[in-house]
Amino acid sequence: MSSSTLDRTHDQTPPIRTSRRGAVIRRISLFLLALTASLGFSLVPAYAAFVPIPSNYVYDTSRGAWHDYCTLSPDVPYVPPGSHVDFRGPCARHDMCEEAGGKNTYACDRLFFNLMHEQCAWAFASDNPHRGPCDFIADTYYNTVRQTG
Ligand SMILES: [Ca+2]
């Protein structure tokens, strides 16, 4: 094989174009890939952050269900075997969302769902035996607010 044959073979490969449009498309593709991966493998980020109680949340049970954290459910429920998870932050955010936007809104409930699962992910790694029970409790709280507001 002569060097000219090799050159021709190389000439047949499509040229790599480095245009601004291509860079934008690549960036969007990477974003969509990351989004798909995150949705496919888990509903929560791999590295979850603690969900705190917002500093402007008013805890005052005399003002009703939008100011009492988790209302009829435990604020820091027991997670078998022998642990707990702090849902005050997610419940406070849900209360504030509903107070601002109206009772029993799907958007507020989905936010609540995501924040509780994030709190579970922050508290317990995916291979921790508490993680499954914690996620189950989060689902139970979510189903409760979907049904009762
Ligand atoms: Ca509440």
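Using θ = phi - 60° in the Karplus curve 6.51 cos²θ - 1.76 cosθ + 1.60, the 3J(HN,Hα) couplings for the range 75-89 round to 6, 10, x, 5, 10, x, x, x, 9, 9, 10, 8, 9, 4, x Hz; x is entered for Gly and Pro. Modelled label positions at Tyr78 and Thr148, each set 7 Å beyond Cα in the direction of Cβ, lie 1.9 nm from each other. Charge tally around Arg88: other residues with Cβ under 11 Å, Lys/Arg +1 each, Asp/Glu -1 each, net -3. Once backbone amide H atoms are built at 1.01 Å from N, His84 has Val79 as its partners under 5 Å, excluding neighbours fewer than 5 places away on the same chain.
We did not get these values from a lab; they are worked out from the coordinates using the rules stated. None of the values given here were measured: they were computed from a predicted structure. Virtual Cβ from ideal backbone geometry, glycine too; neighbours counted across all protein chains shown.
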